[in-house]
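J.: Mind having a look at this structure? Questions to follow.
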Amino acid sequence: MAPAEAALLISCEAQYVMSLSNTGIRPVAAVLAVVIRDERILLVRRANPPDQGRWGYPGGRIEWGEAVHAAALRELAEETGIAADSPELIDVLDFIEADPAGTLAHHFAMIAVACRWLSGEGEAADDALETGWFTLADVIGMGRAASDKVEAIARRARGLPPAG
């Protein structure tokens, strides 16, 4: 791409972002609860968009006035029935997705939080189709069956370097 085309594209993107901010549309802050128990990683298969049908971490939107760590523990309990404590920040990720026409459909600022398992086996609630405990090798082998960044977050939670 020529420098002039790149500058025009950046200008158009900036104008689009500014138009969104003028309409009150903002990224959504959300949490991902990352639980590792006996070398297995808890994942849920999502019942709803975005990522419907794909494996990912339990999580959801942070409620008004709710601390990030409290949101992670709440979402974990709501989606799986699992109780945990000692949440620690793992990473912050952007999830930006367009619809088939190219219009921005979802924009989440996802905060991944490691949680120490206390009790519960994992029962799928209304926004999850099923739950499962997976080894890191299982997660690596999921490919497109897993949401973006699931493997990277699992590696980071286990103290491993990124794949590559």
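None of the figures in this text is laboratory data; all of them are computed from the coordinates on show. No experiment lies behind these values; they were computed from the predicted model shown. Cβ atoms come from the backbone with ideal geometry, glycine included; neighbour counts cover every protein chain shown.
J.: Hey, fewest Cβ within 10 Å first, where do His106, His69 land in order?
T.: His106, His69
J.: Calculate the dipole size of the stretch 26-157 relative to its Cα centre from +1 charges on Lys and Arg beta carbons and -1 charges on Asp and Glu beta carbons; express the result in debye to the nearest 20.
T.: In total the dipole reaches around 300 debye.
J.: If you don't mind, another one. At 4 °C and a viscosity of 1.567 mPa s, what translational diffusion coefficient does Stokes-Einstein give for the chain, taking Rh as the Kirkwood radius over Cα pairs? Give it in µm²/s as a whole number.
T.: 76
J.: Okay, moving on. From the residues Gly159, Asn48, Ser119, which one has its Cα farthest along the dipole of the chain in the positive direction, the dipole being from +1 and -1 charges on Cβ of Lys/Arg and Asp/Glu about the Cα centre?
T.: Most positive-ward Cα: Gly159.
J.: Something else: With the crude spin-label approximation of a point 7 Å out along Cα→Cβ, what separation in nm comes out for Arg37 versus Glu97?
T.: Distance between the two pseudo-spin positions: 2.7 nm.
J.: Ranked by Cβ crowding within 10 angstrom, fewest neighbours first, how are Val68, Val139, Val35, Val92 ordered?
T.: Val92, Val68, Val139, Val35
J.: Treat the count of other C-beta atoms within 10 Å as a stand-in for reagent exposure and order Ile25, Ile111 from fewest to most.
T.: Ranked by crowding around the Cβ, least crowded first: Ile25, Ile111.
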